[in-house]
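First comes the structure, then the notes that go with it.
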Amino acid sequence: MKAWLFAGQGAQRAGMGEALFDRFPEYVAAADRILGESVRALCLDDPDGRLNRTRWTQPALYVVNALACAEALAEGPGPDVLAGHSLGEYNALLAAGCFDFETGLRIVRRRGELMGEADGGAMLAVVGLAPDAVRALLDRCGAADVDLANLNTATQVVVSGPAESVRAVRAAVRATQGARCVPLATSGAFHSRHMRPAQERFAAFLDTVEFRPPGIPVIANVTGRPYPADGVADLLARQIAAPVRWHETLRELVRLGVTEAREFGPRPMLRPMWDSVLAEPETVPRSQPQRPLPESVPEPLPVPVTVAAAGAVVGAARRDAAACDPEPVGDPAAARLGSAEFRQDHGVRYAYLAGSMFRGVSSVELVARLGRAGLRGYFGAGGLDLATVEKALTELARTPGLDGRYGVNLLHDLTRPGAEDALTDLLLRHDVRHVEAAAFTSVTPAIVRFRFTGAHRTADGAAVAVRTLVAKCSRPEVAAHFMAPPAEELLRRLVSEGALTPQEADAARGLPVAQDICVEGDSAGHTDGGVSLALVPTTAALAERLTARHGYARRLRVGACGGLGTPEAVAAAFVLGADFVVTGSVNQCSPQAGTSDAVKDLLAALDVQDTAYAPAGDLFELGSRVQVVRKGTLFAARANKLYQLYRGHGGLDDLDEATRTWLERDCLRAPLDQVWKQTCAHYRDTGRAHEIERAERDPRHRMALLFKSYFARTNRAAQDGDPTERANYQVHCGPAAGAFNRCVRGTALEPWPERHVERIADLLMSGAARVLRERLAAYAPTGPGDVPHHP
């Protein structure tokens, strides 16, 4: 399989194209007409040194590359796949038939004009450091306004930003052992957030151009993946302010089965990069064409994928056993899955979190054990009173060995608007640094207050937040609110109220409400029934667009939760593009979970089909749903019947005698009058007497409050393990629990007392690394002449 690669700006030289101009006079004449001067003179004579000025460099190089490509096509067969570095991508798209020569030149001329207007910027090539090391160096030297612009190879990165900041980076690189740097001859901070104004103007210009789908696959700089049929204009606009993912592009070519690469450009720049990728140990064998994978592992696994490794994968049974075998754990590759920046920001050894579970099921013990193991869990504050939450926070703060590796859940409650503010006050008073926000459909003042209390700008003007917020979302439009900075009106209001300082609000304007968005697929508890296969890549693409749109110094990250009960499921989440994963149901069946042994016995016996949907007690009237255990309990059936009664009747007086008897005997376990008295006392004790007043006027609301008492009682009964209420246990759970049970059947983790939360994490992450390694190896041929296959 053959690829053609087109060089970009930096490859130009005086005298380029000399042997080509006479061969293609019609192209030269068209170029002269469009540029308004002789392209031959520009390239051969370089009048006034214009060849190194962006405005002229780009169209001149485009023409020379186009002529060289036309010559190659005249001499023999074309390529199987195309790619170009920055400007060179336009020649790749020309060769793929997305536009004709003249259209492409007009586009490039406009691009060169816009980029040539940029000034005050600089670019620096850093050699000898990996991208993560360069990011760390930027942090150390306070260069928050400098971006990674070109990711050329595993150890060659170009940074871009204001000239003064780039000079500071240059000094830091020179002081770093094993690293060197070369300033690039540019006047603009290309492929960085500082090109956003040019990008917006270029996008408006591209709206006037009609593009055709690529006739040959073209790997996009912005994504490192093939162009979609209808995404040419969008990706070309984004490319100006986005990093050139050239290393990913070359690795994608290898994965596609490319064995031969031909470079087009006045001087050799891309071939050495191609050779370096071929020498990487992670690269799959190139002796035979490889079937393209739908997605790549987010970071290369540090274990070579060889033909011998592929031959060792002899069947699904062996693969599954290897993936779920809990001994040994700690595969080094597991620590490289997902986002390295996420691991650094959260101080965890895996890109893995244990999500919160209602009413302290995610207990202090569970969260503390994860923290001591170098991981993070979130205490389940939802449904608990402030005194109980404060006791938990005090205990966590006093627990040795956590080093701040714990968080708390902040659950939006439509029925108790003041509770959110009160909990936020408590979290700030205890200086909690990490929150998981759930059930929010918009950004609230409490969320903004938590996130940006303590936010500030560094000496060089970079905005910094000292608190992390993981926002759980199941809809892209909600995620977009959290990916944006807080609304200006909200910030002004919080400042006027004294909830934020002017300095904190100023920093907030340059930061997203949440750096980390967790996409909720169908899962335990409240669920919209979302499908992770659709939601994760959609939200990841949204995050990439909004990172560029808002000019963030650091990219927005997207995680996945829901259905993660096996190593295969976790591996799939990373393949879909997740930067991190969040587990839930599997942790409920651990010794540390704050629920009864009776519930854990029930959970350990589940299969994947043993869950059902029921009304949510807190949002009963709205028809919201939760996913719960079905096997061994009648809660789902009874709760659904209660909702049907609510929908079909105007009040308790409308119910027939048989239904009232069923309510008192099977559901409420007491006469209706007695249950109503208890309900009134509860609402008055919790400061919600207005609900009782409304119920006295509205018989249907009275029925709803009485029915909701069933949900509160069944939740407590399950957590307490009340044997007399076993048939009514309400246990929030998704299919992941049953999947995990199958995974560990016959292993040391089959008994739930052995399922310590850190062992669950190790099993899922190490198993995911093995699954990915084996699946990648399965695409390699097992011998001469073998056809690549996926067993």
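Residue separation times 0.36 nm, minus the C-alpha to C-alpha distance between Ala480 and Glu102: what's the value? All intermediate terms of the calculation are to be shown ahead of the outcome.
Numbers: separation 378, 0.36 × 378 = 136.08 nm, distance 3.85 nm.
Computed gain between Ala480 and Glu102 is 132.2 nm.
If you take the beta carbon distance between Glu664 and Asp722 as r and set R0 to 22 Å, what does 1/(1 + (r/R0)^6) give as a FRET efficiency, to the nearest 0.05? Please report the intermediate quantities before stating the final value.
Values: r = 18 Å, r/R0 = 0.83.
The calculated FRET efficiency here is 0.75.
Please list, short to long, the whole-number percent of alpha-carbon pairs of segment 435-513 in consecutive 5 angstrom bins beginning at zero.
3, 17, 30, 23, 17, 8, 2, 0
Could you derive backbone 3J(HN,Hα) for segment 208-224 from the dihedral phi with the Karplus parameters 6.51, -1.76 and 1.60 (θ = phi - 60°), listing whole Hz in sequence and x where the residue is Gly or Pro?
After applying 6.51 cos²θ - 1.76 cosθ + 1.60, I find 8, 9, 9, 10, 9, x, x, x, 10, x, 10, 7, 7, 4, 5, 10, x Hz.
Leaving ligands, DNA and RNA out of it, work out the accessible area of Leu148 with a 1.4 Å probe and give it in Å² to the nearest 10.
In the full protein context, Leu148 sits at about 20 Å².
Along each principal axis of its Cα atoms, how long is the chain end to end? Whole angstroms, biggest number first, please.
Over the chain, Cα extents along the principal axes are 99, 67, 52 Å.
Which listed residue (Asn65, Ala14, Ile34) has the Cα farthest towards the positive end of the charge dipole for segment 1-67, taking +1 on Lys and Arg C-beta and -1 on Asp and Glu C-beta about the Cα centre?
Asn65
So how exposed is Asp345, as accessible area in Å² (1.4 Å probe, rounded to 10)?
Per-residue accessible area (Asp345): approximately 50 Å².
Counting only residues 5 or more places away or on other chains, whose amide H sits under 5 Å from the amide H of Phe264 once H atoms are built in the peptide plane?
For Phe264, the qualifying residues are Leu5, Phe6, Ala7.
Keeping every protein chain present and rolling a 1.4 Å probe, give me the accessible area per residue for the chain in Å².
Details: 31100 Å² over 791 residues.
Accessible surface, normalised per residue, equals 39 Å².
Taking the DSSP beta bridges in the chain as the whole, what percent of them are antiparallel, to the nearest 5? Please report the intermediate quantities before stating the final value.
Numbers: 28 of 67 bridges.
Percent antiparallel among DSSP bridges in the chain is about 40.
Work from the charge dipole of segment 392-447 (Cβ charges, +1 for Lys and Arg, -1 for Asp and Glu, about the Cα centre) and give the residue of Leu402, Leu426, Ala446 farthest towards its positive end.
Projecting each Cα onto the dipole axis, the largest value belongs to Leu402.
In terms of modelled amide H atoms, which long-range or inter-chain residues lie less than 5 Å from the amide H of Thr186?
Met123
How much accessible surface does Arg359 have with a 1.4 Å probe, in Å² rounded to 10?
Rounded to the nearest 10, that gives 70 Å².
Considering only C-alpha atoms, what is the centroid distance from segment 125-204 to segment 583-613, in Å?
Here the two parts' Cα centres lie 48 Å apart.
List the relative contact order of the chain as a percent without decimals, with contacts defined as Cα pairs under 8 Å and 6+ residues apart.
12
Does anything in segment 438-463 have its amide N under 16 Å from the 7 Å Cα→Cβ label point of Asp425, and if so which residues?
445-447, 449-450
Please label the shape of segment 84-219 as rounded, prolate or oblate, based on the square roots a ≥ b ≥ c of the eigenvalues of the alpha-carbon gyration tensor (a/c under 1.5 means rounded; beyond that, a/b larger than b/c means prolate, else oblate). If you can, show how the numbers build up before the last one.
Values: a/c = 2.92, a/b = 1.86, b/c = 1.57.
It comes out prolate by the Cα gyration axes.
Roughly how big is segment 351-416's charge dipole about its Cα centre, with Cβ charges of +1 (Lys, Arg) and -1 (Asp, Glu), in debye to the nearest 20? Mind showing how you got there, number by number?
Numbers: 8 positive and 6 negative charges, 32 e Å.
Charge dipole of segment 351-416: 160 debye, to the nearest 20.
From the square roots a ≥ b ≥ c of the eigenvalues of the alpha-carbon gyration tensor of segment 18-122, which class results: rounded (a/c under 1.5), prolate (a/b over b/c), or oblate?
On the way: a/c = 1.93, a/b = 1.30, b/c = 1.48.
Cα axes put segment 18-122 in the oblate bin.
Just by accessible area at a 1.4 angstrom probe, what is the order of Leu386, Leu124, Leu533 from largest to smallest? Before the final figure, lay out the partial values.
Working: Leu386 80, Leu124 0, Leu533 125 Å².
Largest accessible area first, the list is Leu533, Leu386, Leu124.
Need the full-extension length gain, Gln674 to Gln503, defined as separation in residues times 0.36 nm minus the C-alpha distance. One decimal, nm. The partial results should precede the final answer.
Numbers: separation 171, 0.36 × 171 = 61.56 nm, distance 5.49 nm.
That pair, Gln674 and Gln503, stretches by 56.1 nm at full extension.
What's the magnitude of the charge dipole for the chain around its Cα centre, counting Lys and Arg as +1 and Asp and Glu as -1 at the beta-carbon? Answer in Debye, nearest 20. Mind showing how you got there, number by number?
Details: 89 positive and 94 negative charges, 150 e Å.
About 720 debye.
Size of the dipole of segment 505-621 about the Cα centre, Lys and Arg at +1 and Asp and Glu at -1 on the beta carbon, nothing else charged, in debye to 20? Write down the numbers at each step before the final one.
On the way: 7 positive and 14 negative charges, 157 e Å.
Dipole magnitude for segment 505-621 comes out near 760 debye.
Calculate how steeply helix 672-685 sits against the longest principal axis of the alpha-carbon atoms of the chain, using the helix alpha-carbon long axis, and give the answer as 0 to 90 degrees to the nearest 10.
With rounding to tens, the tilt is 60 degrees.
Could you work out what % of the accessible surface of the chain is carbon and sulfur, using a 1.4 angstrom probe and leaving DNA, RNA and ligands out of the count?
On the way: 16020 of 31100 Å².
Percent of accessible area from carbon and sulfur atoms in the chain: 52.
Mind checking the log10 I(q)/I(0) for segment 363-505 at q = 0.12, 0.15, 0.17, 0.18 Å⁻¹? Debye, one equal scatterer per Cα, no solvent, two decimals.
-0.51, -0.79, -1.00, -1.11
Which percent of Cα pairs goes in each bin when the distances of segment 534-628 are cut into 5 angstrom slices starting at zero?
P(r) for segment 534-628, in whole percents per bin: 2, 11, 15, 14, 17, 16, 12, 7, 4, 1, 0.
The values are calculated or read from the model by the stated rules, or taken from the named source; none is laboratory data. Owing to the predicted nature of the structure, the values given are computational and were not obtained by experimental measurement. Virtual Cβ from ideal backbone geometry, glycine too; neighbours counted across all protein chains shown. The protein model used for the area step is the full one, side chains on, heavy atoms only, and it has no ligands, DNA or RNA in it. Shrake-Rupley method; radii C 1.70, N 1.55, O 1.52, S 1.80 Å.
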